Ligand SMILES: [Zn+2]
Ligand SMILES: [Zn+2]
């Protein structure tokens, strides 16, 4: 990596390090610098980047994420908003525990060390966070409110305990949420198959809100469509035809339980018992045998289903085994040879059909009056029929399950529950919160919660009877921590409540966080749980908004040499190294310049060097052309400017227009920065053409104006350099709150065209017109020209022609 070798005089040399160190030190002296204002009359703006997991060091993906948010926060400050821009640490969780095991450092110590390091990195990069609101989720002053929320949910039946089959990662030695299982494997251990175990678990009743979580996706136009689609697909699956078959329910449940004991669903040999009972198919009055089978999912619909062996793999296998009639009711749209050799079952109506035929791309047979309909039509008509005849209706079946939050690990929020032999499950009284996570705990990988091995934690007294009792030793899933942290930022030091409702309502308004920015990998888990938590908090009366986030932006990933950065590939670019070589400004500005922020960024070291050279160019120009001691420096910009100055002025206003509209719209900061580069090129060209500015062609008041505005435009992208230049220009106001420059549409207009005017084919004058001027306007102006007048006066005009490039007037 090469650092640019300065070839210019010493005082014009751009050296990022001393500039950034100087401003970093100044900024740190002012604790209130980035603080949101209490009781402000300004409009509010809450911009938030997803809080990081304190793994030890920032990676480039973080830098990109925060550079986007920081540019926006600075832009909003300059536009007169009361901005909330906080940062915190998602600091509980498995990696701390695993790292602590291998590094033999307690998780808390390891975590706090990482936080200190990453915070220093963030400060070095110049991100404008209000650190007085810092939230660290592993501190009792934060997680006590997780426990408080849990108790509130328990009171309302939203938190409950049940024995259930859980996904168990033998490597993590813990339960995984369904969402943490990817293709049967652990999300953290891609090569480890997830096992099934049966444990008593705590659940949050997310399904109570399933319908609202789905419906409200339509009220989030500020979210990327792909994220809404992902959540929609995650939440639901469409089903219909769900007639009531539940008879002799108690007997069936007993037999079902027995069947369930035989093993895991899915993999197991399917078997069942014939109850000897018959159910009536309400569509045609036919009698259908009722079986209890071990492969039916209890939580699918009511648990009683209409088996369709001809069109479902599992039902087919089951029916074959027990010789149950297999009656095809769907045939492919295109009849004929369906292909593969396979299980063919003959029936009267579909003699050569491959079974089971499991796609919905077909038409109905053997279905009475519905025969001949396409599957889609049949679903609609049969649903309507069920409704008319009062035995059913089409419903949406939610795929979303209740959220299992129990983790058999140490480094998390203790679940505030107590088990008493006499009283059963007893919640910890609110006044006894927080249940503090003990320190100095021996963490091993032998399974079960390490808290079971801490007697002073485990043994307690029952709050009801005062007798000996045991504490719950499971801790909460860390997605609990991140489900509501952004409310805590609004009132981070409150020790009486999770936050003050009025304060949170000010920042969240009716629609939530104004702008949330983070990786698309959090589109489902974090954002669904956050939406659930918001709805629960609303129902608890704590807030008024229905949704946590009004606008969401998901930035693209950073790759290098065609692959995701990873240690094993050796293609990791460290932010520290970049900052050391090029400074914080160049590093963060490059992440915005390389491509538009929603797209994948292919990292190029030369690109950072290019940004460094550009900033050096700006620095040199200003160091040569800043003349704050000149008496004309603060004078008004002359209305009439030389051609050179006018060219620069036009470019300036075009650039302001471009950058402003991009902040308000599509966020293509790469083109914004490119526009600023063009402006700087224009300044250099003008400086050259007038020998050296200032000159009569480049008045000093104008030179002051254009440099001030250039610095304002740079401030959201390269704050260190912008502050330094602001000072060089003689300004002592706080650049952070300096008003964003306004563009004048008139001044931004393209240069007027010079049009030669001929009279009888001879050039007589030149006129200047707007580039969009029409024919009539141009000819009028030509005729009004003094020189032209002297040649046409007293003569008869026989022809007036405007070719687009010149005007010809024919007179006689
Ligand atoms: Zn695992
Ligand atoms: Zn008791």
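The values are calculated or read from the model by the stated rules, or taken from the named source; none is laboratory data. Everything numeric here is computed off the predicted structure, so don't read it as measured data. Positions of Cβ are backbone-derived with ideal geometry, glycine not excepted, and every protein chain shown enters the neighbour counts.
Of all the listed residues (334, 313, 354, 387), the sole one being at pLDDT below 85 and either under 41 Å from the mean Cα position of the chain (by Cα) or under 29 Å from residue 398 (Cα atoms) (or both) is 313. The residue of segment 187-207 that is surrounded by the most Cβ atoms within 10 Å (Cβ to Cβ), among those that are in contact with a helix residue (DSSP H, G or I) (Cβ under 9 Å, 6 or more places away or on another chain) and at pLDDT 85 or above, is 204.
For segment 492-501, the count of residues that are buried (at least 19 other Cβ atoms within 10 Å of the Cβ) and more than 23 Å from the chain's Cα centre (by Cα) is at least one. Condition check: in contact (Cβ under 8 Å) with a residue 40 or more places away in the chain, under 22 Å from residue 202 (Cβ atoms) and either exposed (fewer than 14 other Cβ atoms within 10 Å of the Cβ) or over 38 Å from the mean Cα position of the chain (by Cα) (or both). Does residue 423 satisfy that? Here the answer is yes, as residue 423 does meet what is asked.
Mind listing just one residue for me: the one in segment 464-475 that is assigned to a strand (DSSP E or B) and more than 21 Å from residue 169 (Cα to Cα) and, of those, nearest to ligand 1 (Cβ to nearest atom)?
Result: 471.
Selection of segment 745-799 for residues being in contact (Cβ under 8 Å) with a residue 24 or more places away in the chain, under 30 Å from residue 679 (Cα atoms) and part of a loop (DSSP other than H, G, I, E, B) yields 749, 750, 751.
Out of the strands (runs of 3 or more DSSP E) lying entirely within segment 384-438, which hold 2 or more residues that are away from ligand 2 (no atom under 16 Å from the Cβ)?
Numbers: elements: 395-398, 417-420, 424-427.
Result: 395-398.
This table checks each residue for (1) part of a helix (DSSP H, G or I); (2) more than 19 Å from residue 748 (Cα to Cα); (3) in contact (Cβ under 8 Å) with a residue 12 or more places away in the chain.
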| site | (1), (2), (3) |
| --- | --- |
| 661 | yes, no, no |
| 666 | no, yes, yes |
| 672 | yes, no, yes |
| 678 | yes, no, yes |
| 686 | yes, no, yes |
| 703 | yes, no, yes |
| 706 | yes, no, yes |
| 709 | yes, no, yes |
| 712 | yes, no, yes |
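The selection criterion, being more than 16 Å from ligand 2 (Cβ to nearest atom), under 39 Å from the mean Cα position of the chain (by Cα) and closer than 23 Å to residue 495 by Cβ, does not hold for residue 451.
Could you please let me know if residue 461 is without any contact (Cβ under 8 Å) to a residue 12 or more places away in the chain, more than 16 Å from ligand 1 (Cβ to nearest atom) and either surrounded by fewer than 18 Cβ atoms within 10 Å (Cβ to Cβ) or on the phi > 0 side of the Ramachandran plot (or both)?
Yes.
Checking each residue in segment 53-83 for being out of contact with any strand residue (DSSP E or B) (no Cβ under 7 Å at 6 or more places or on another chain) and more than 19 Å from residue 715 (Cα to Cα) picks out 53, 55, 56, 57, 58, 59, 62.
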